[in-house]
Amino acid sequence: MDQMTFKHDTVLSDVHMHRPNTHHLMTRLNSAGQPVFRSRFRILADSHDDSDSGTGSANEEKHKSPRKDGGTSPEQDEEGGNQGNVEPCLDEDGDLDVTHRPRKSSVDEDGRDLVCPIILQQSVPDLDQDEDSDDDDNDDDEETCSKDIIQIEHTMATPLEDVGKQVWRGALLLADFILSEKDTFRGATVLELGAGTGLTSIIMATTAKTVYCTDVGEDLLRLCHRNIFLNQHMTDPAGGEVKVKQLNWLQHSLCTDADLEFSWTEAEVADLYDNTNFIIAADVCYDNDLTDGLFRTLYRLCSSFIHSCTVFISLEKRMNFSLRHMDICCEAYNHFKHCLSQLQDIEDGRCRFKVEHVPLNFSQFLLYERIEQLDLWKITASPLESEQTQSDSD
Ligand SMILES: C[S@@+](CC[C@H](N)C(=O)[O-])C[C@H]1O[C@@H](n2cnc3c(N)ncnc32)[C@H](O)[C@@H]1O
């Protein structure tokens with residue numbers, strides 16, 4: 001399979017766009033006959049992170065603010081020079097002759113701090129060479145894979161109904177947020193909606209206790225399940241467990257039919273309703289009917305949970321030409337914002353929703369282009385009955 005065939009409804013994630021279309025990255029054909037590729041994403045170490053807890057914002061601060069003691073940061077010293085002791089250098093006309101010292105790259109300095117957009121790179125050549133040896137024995141990969149590398153099997157250039165088989169930039173943004181807020185999620189029970197390849201759930205399981213990684217379609221869920229298996233080297237040391245489950249936003253109840261793969265047991269359903277602390281979803285708002293289904297699901301779950309729950313949704317605004325508006329616009333994003341405000345306006349006595357925009361000033365742990373169209377939202381859902389019970393007991 002040398003060439004990829006693009007049909008009118010074929011979509012290709014930017015995350016995979018710069019991957020060479022080469023043989024050695026293709027690992028197999030899936031049951032639908034689609035080529036499956038494997039990409040490796042290196043998680044950059046946080047050099048300011050002594051305790052394995054995220055200190056992303058502090059990290060940003062180092063670059064943006066003067067030091068508290070009134071001095072300048074090392075970066076500023078480097079750019080501005082030691083101005084007090086240096087004689088100004090003038091050319092023959094008396095103009096100031098400025099010599100630029102080569103700037104040290106922040107990557108060279110401490111191995112991370114890649115906050116601005118950089119060249120998309122999912123893996124490095126020496127990693128790719130490892131692929132040659134794993135054709136027959138993929139199942140051993142988690143043993144040889146370094147602790148900071150997540151490997152994801154995915155397809156490329158899928159029809160719209162199979163978009164979950166690719167990795168989307170929103171997943172990398174949400175993964176970054178989780179890695180920069182590890183303490184927030186530590187030991188938590190988390191539900192991911194529309195998890196696709198499972199990348200974000202895997203990252204979440206490096207700190208959370210239980211992650212229900214959900215989506216629709218057996219083929220996709222099997223791919224996701226395989227990715228969870230391939231990345232046990234990341235989740236096992238933290239004791240996090242990822243459970244791949246079917247959860248369709250267009251259906252009212254969870255599938256508990258034991259004969260079906262990826263169905264829920266009664267105990268898991270109870271655990272979900274009793275213990276979920278967070279719901280996460282990456283790049284799931286691209287079709288208005290699906291977005292409506294997603295928000296109905298969020299409302300139904302959050303208002304049935306015993307405790308309050310925080311939802312994080314990442315998305316990428318995609319501009320399209322709209323015949324209705326005769327202009328370039330982002331209808332899917334506008335509809336998402338409409339659903340957000342509807343949720344916030346709900347006053348049914350069961351649950352209150354608060355919506356906040358999350359600034360994207362946290363560190364970047366994965367290499368991708370953090371374009372301005374990326375967005376992250378936080379919804380806090382507080383069941384009113386539990387609030388009432390709490391104030392009664394106080
Ligand atoms: C653009 S993909 C995002 C996948 C992944 N979160 C990521 O960012 O890489 C959208 C995801 O929503 C899922 N999805 C679409 N309709 C759904 C539904 N009715 N119920 C649950 N998931 C659905 C798709 O299967 C797909 O995995």
Tabulated pairs, segment 171-190, first in a loop (DSSP other than H, G, I, E, B), second modelled with pLDDT under 95, C-beta under 7 angstrom, 6+ apart or interchain: E181/G54
Need pairs with beta-carbon distance below 6 Å; first residue more than 14 Å from Q373 (Cβ to Cβ) and within segment 317-336, second charged (D, E, K, R) and surrounded by 11 or more Cβ atoms within 10 Å (Cβ to Cβ); sequence gap 6+ or separate chains. S322/E331
Kindly provide the set of residues from segment 189-227 that are within 14 Å of the ligand (Cβ to nearest atom) and of a type in the set (V, I, T), ordered by number. V190, T197, T200, I202, I203, V211, T214, V216
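Looking at segment 282-315, which of its residues are among the charged types (D, E, K, R) and at pLDDT 95 or above? Steps first, answer last, please.
Keep residues of segment 282-315 that are among the charged types (D, E, K, R), which gives 283, 287, 289, 292, 296, 300.
Result: D283, D289, D292, R296, R300.
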Verdict on F353 being more than 21 Å from L193 (Cα to Cα), assigned to a strand (DSSP E or B) and not aliphatic (A, V, I, L, M): no
Could you figure out which of (1) at pLDDT 85 or above; (2) in a helix (DSSP H, G or I); (3) more than 13 Å from the ligand (Cβ to nearest atom) isn't true of G164? (3)
Under 6 Å between Cβ atoms, which residue pairs at least 6 apart in sequence (or on different chains) link something in segment 276-290 that is buried (at least 23 other Cβ atoms within 10 Å of the Cβ) with a partner that is of a type in the set (G, A, S) and modelled with pLDDT under 95? C285/A332
Any chance segment 271-287 includes a residue that's under 16 Å from the mean Cα position of the chain (by Cα), assigned to a helix (DSSP H, G or I), away from the ligand (no atom under 13 Å from the Cβ) and more than 24 Å from R318 (Cα to Cα)? no
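Applying the selection to segment 249-268, what residues are within 15 Å of the ligand (Cβ to nearest atom) and free of Cβ contacts under 8 Å to residues at least 40 places away in the same chain?
Here is the first cut: in segment 249-268, the residues within 15 Å of the ligand (Cβ to nearest atom) are 249-255, 262-264.
Correct list: Q251, S253, L254, C255, S263, W264.
Test A195 against the stated conditions and say whether it is modelled with pLDDT of 95 or more and either within 18 Å of I279 (Cβ to Cβ) or part of a loop (DSSP other than H, G, I, E, B) (or both). Can you show your working first?
Details: modelled with pLDDT of 95 or more: yes; either within 18 Å of I279 (Cβ to Cβ) or part of a loop (DSSP other than H, G, I, E, B) (or both): yes.
Criteria met by A195.
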Test each condition in (1) farther than 21 Å from T155 by Cβ; (2) more than 15 Å from the ligand (Cβ to nearest atom); (3) part of a helix (DSSP H, G or I); (4) not β-branched (V, I, T) for G239 and report the one that comes out false. (3)
In segment 122-133, is there at least one residue being at pLDDT 80 or above and within 16 Å of the ligand (Cβ to nearest atom)? no
Name every residue in segment 288-303 that is more than 9 Å from the ligand (Cβ to nearest atom), under 16 Å from T214 (Cβ atoms) and of a type outside the set (A, V, I, L, M, F, W, C), in order of residue number. R296, R300
Can you find even one residue in segment 336-345 that is in a strand (DSSP E or B), surrounded by 15 or more Cβ atoms within 10 Å (Cβ to Cβ) and not charged (D, E, K, R)? no
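The values are calculated or read from the model by the stated rules, or taken from the named source; none is laboratory data. For clarity, every value in this text was computed on a predicted model and none was experimentally measured. Cβ coordinates were reconstructed from backbone atoms using ideal geometry, including for glycine residues, and neighbour counts include every protein chain displayed.
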